[in-house]
Every structure is written in C-alpha cells, then in structure tokens.
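So the structure is just underneath, and the comments pick up after that.
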Amino acid sequence: MISYENTIAEKWVNKELIISVDEYYQTLKAVAERKTKKVHNTAALLDLRHNLCILGYDDEGWCDVHPVVRTILQERELIP
C-alpha cells in the first residue's frame with residue numbers, strides 16, 4: 001500500500017502547484033463513489049490513471065479505483 005500512497009503527491013511545474021494532494025484524493029473519492037463508473041477526464045484523473053490508481057476496465061470508459069487505493073481511501077475515512 002505504501003507504494004500507492006507515494007504516487008499520490010502534489011504536482012508541481014516550474015515551482016507552481018498544479019494539483020494538490022487533496023484534489024487527487026477528492027478525485028479518487030468521486031470515482032469510488034460514482035455509481036455509473038463513467039468519468040470525465042480532468043488533469044487529476046488522467047494523472048491517477050497514468051499511475052494506475054484508477055483503472056479502466058473496458059472500451060466504454062468504465063473506471064474504478066485500484067483495490068489497494070480503495071483500502072487507502074477507507075483507512076483515511078474518505079469512503080465507507
């Protein structure tokens with residue numbers, strides 16, 4: 001689990017904060033709670049897909065958080 005938590009970190013470009021850790025966690029929470037599992041590609045969501053915290057499961061855009069990341073969200077009491 002530690003390796004996944006380490007991938008969820010602030011994104012900085014040219015000494016400017018682009019995406020906060022809180023925004024990443026809120027994005028993960030939204031995906032985990034979304035009933036349809038259809039998502040809109042935001043910069044945060046694309047980063048989380050790139051580092052495999054969010055996984056795509058079919059060609060129709062169905063996504064969900066990685067099971068290990070779901071456990072992290074539960075431990076942080078962000079989802080039940």
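Worth pointing out:
- Taken together, the residues in segment 48-74 that are acidic (Asp, Glu) and either modelled with pLDDT of 95 or more or closer than 12 Å to Val31 by Cβ (or both) amount to 1.
- Selection of segment 1-43 for residues being modelled with pLDDT under 95, among the hydroxyl-bearing types (Ser, Thr, Tyr) and in a helix (DSSP H, G or I) yields Ser3, Tyr4, Thr7.
- Considering residues of segment 44-80 that are in contact with a strand residue (DSSP E or B) (Cβ under 6 Å, 6 or more places away or on another chain) and assigned to a helix (DSSP H, G or I) only, the residue surrounded by the fewest Cβ atoms within 10 Å (Cβ to Cβ): Ala44
- Scan of segment 21-50 for residues that are in contact (Cβ under 8 Å) with a residue 24 or more places away in the chain, farther than 18 Å from Leu78 by Cβ and not charged (D, E, K, R), ordered by number: Ala43
- Residues that are of a type outside the set (D, E, K, R) and under 12 Å from the mean Cα position of the chain (by Cα), drawn from segment 57-77: Cys63, Val65, His66, Pro67, Val68, Val69, Ile72, Leu73
The values are calculated or read from the model by the stated rules, or taken from the named source; none is laboratory data. Just so it is clear, the model here is predicted, and its values are computed rather than measured. Positions of Cβ are generated from backbone atoms using ideal geometry, with glycine treated the same way; all protein chains shown enter the neighbour counts.
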